[in-house]
1. Where does helix 266-280 land angle-wise versus the long Cα axis of the chain, in degrees 0 to 90, nearest 10?
2. Using 1/(1 + (r/R0)^6) with R0 = 35 angstrom and r between the beta carbons of GLN214 and ARG71, what's the FRET efficiency to the nearest 0.05?
3. Net charge around LEU76, counting only other residues with Cβ within less than 10 Å of its Cβ (Lys, Arg = +1; Asp, Glu = -1)?
4. Give the residues of the range 202-244 whose amide nitrogen is closer than 11 Å to a point set 7 Å from the Cα of GLN250 in the direction of its Cβ.
5. So, by mean Cβ neighbours within 10 angstrom, what's the order for 294-305, 260-271 with the highest one leading?
6. Give me the log10 of I(q) over I(0) for the range 159-269 at q = 0.11 Å⁻¹, as the Debye formula computes it from C-alpha points; what are the numbers?
7. Excluding TYR190 itself, calculate the net charge of residues whose Cβ lies under 12 Å from the Cβ of TYR190, where each Lys or Arg counts +1 and each Asp or Glu counts -1.
8. Mind giving me the FRET efficiency for ALA389 and VAL27? R0 is 45 Å, r the Cβ-Cβ distance, nearest 0.05 is fine.
Amino acid sequence: MHCVKKITNDLIWVGANDRRLAMFEGVYSVPNGVSYNAYLLCDKKTVLFDTVDNAVRQRFFENLSYALNGRKLDYLVVQHIEPDHSAALAELADKYPEMRIVCNAKTAALIRQFFNIDVSARTLLVKENDTLDTGKHKLRFMFAPMVHWPEVMVTYDATDKILFSADAFGSFGALNGAIFADEVDFLKDYMDETRRYYANIVGKYGAQTKALLQKAAALPISMICPLHGFVWRKNLEQIIAKYALWAEYQPEEKGVLIAYASVYGNTENAAEILACRVRERGVKAVMFDVSVTPASDIVSAAFRYSHLVFASTTYNAGIFVSMEALIHDLTAHNIQNRTVAVIENGSWAATSGALIREKLQKCKNITFAENLISIKSSVSEAQLAELDALADFLAKDIKK
Ligand code: FEO
């Protein structure tokens with residue numbers, strides 16, 4: 001049975017939610033599920049913005065059919081060809097033979113690659129700032145390459161001042177009856193998953209996100225309709241301000257993230273002592289065991305906090321496996337502009353500290369604390385002073 005949501009008098013959400021997906025893109029856990037948003041504009045012409053993932057295809061077609069209410073579908077705008085938004089494209093093209101596919105040249109090439117179908121005869125190719133008049137509504141297409149694939153474009157409905165933003169401003173998490181961000185306690189309940197989505201999906205492409213924000217800033221926008229998560233119709237500045245920080249790799253909060261890898265608890269002990277000393281100096285500290293917490297959560301927290309501490313045992317003469325994976329993820333997502341401190345542990349030949357520093361040195365504008373604490377098996381009495389000194393440095397740096 002259909003389950004649609006009215007967005008405006010002319011716009012209907014025809015997407016669907018998936019709460020059974022274990023790993024989004026095969027990599028990111030989604031304990032609260034994920035929504036695949038598609039929108040139908042009912043004007044003189046009917047326009048569908050994107051489709052959905054294969055898992056929710058059936059509900060999407062029920063929704064679309066209901067929303068069309070017997071009308072034909074005139075246009076499918078493909079803003080993003082990644083299969084979580086295009087899995088229904090070929091079936092849609094079959095079901096609605098008069099539908100034209102509005103996309104750019106890069107998208108058209110990718111459609112052929114993914115579907116092995118030639119849709120040239122049905123494709124309306126658009127370039128930057130091209131427009132489509134659908135009756136009352138005037139749609140303008142703007143390219144947003146690498147937010148988060150090269151073909152991505154967003155659409156601006158100049159009539160209702162709606163930005164269809166593709167992956168930008170999206171979030172992990174299924175929609176639980178509410179479609180608008182102002183219907184929920186967004187900051188309390190959904191900001192973390194929105195940050196985790198940005199950091200892990202789009203985080204690598206800060207410069208490109210900034211370019212999109214600049215394009216958007218030139219437009220009067222009353223609503224943002226992303227391909228995942230909530231629609232924004234109030235307090236747009238709230239999410240745009242977060243995006244401005246994230247795109248510049250600027251921390252949202254002054255505070256210390258301590259990520260540790262510990263086999264027998266001794267490296268963890270050092271991390272805990274440091275967290276206590278940091279808190280005693282009036283500074284916020286958050287801790288993650290990298291063997292337990294998924295890397296995507298820690299990457300997200302690294303986008304949030306200003307100071308990062310990595311504590312790792314030495315393993316096979318290198319960095320402990322889960323810490324190495326985390327450091328790789330952070331560098332792959334372009335983490336920048338952070339102050340970093342390192343604690344290593346090695347019972348006979350500690351190498352993890354130098355190796356962590358070496359990998360993070362490739363990131364832009366990373367300032368390393370001079371204090372490299374090197375533990376031999378367990379924290380010694382003398383090293384309590386070293387942890388105190390590191391806490392001093394972190395607290396002073398944060399409060400300066
Ligand atoms: Fe939601 Fe880049 O796809």
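1. Rounded to the nearest ten degrees, it is 80.
2. On the way: r = 37 Å, r/R0 = 1.06.
FRET efficiency, GLN214 to ARG71: 0.40.
3. Numbers: positive: ARG100, ARG122; negative: ASP50, ASP74.
Residues close to LEU76 contribute a combined charge of 0.
4. 241-244
5. Values: 294-305: 22.3, 260-271: 20.1.
Packing order, densest peptide first, comes out as 294-305, 260-271.
6. -0.41
7. Computed value for this residue: -2.
8. 0.75
Computed from the coordinates by the stated procedures, all read-outs in this text should not be read as laboratory data. Model, not experiment: these values are computed from the prediction. A quick note on method: Cβ atoms are made from the backbone with ideal geometry, for glycine too, and the neighbour counts reach across all protein chains shown.
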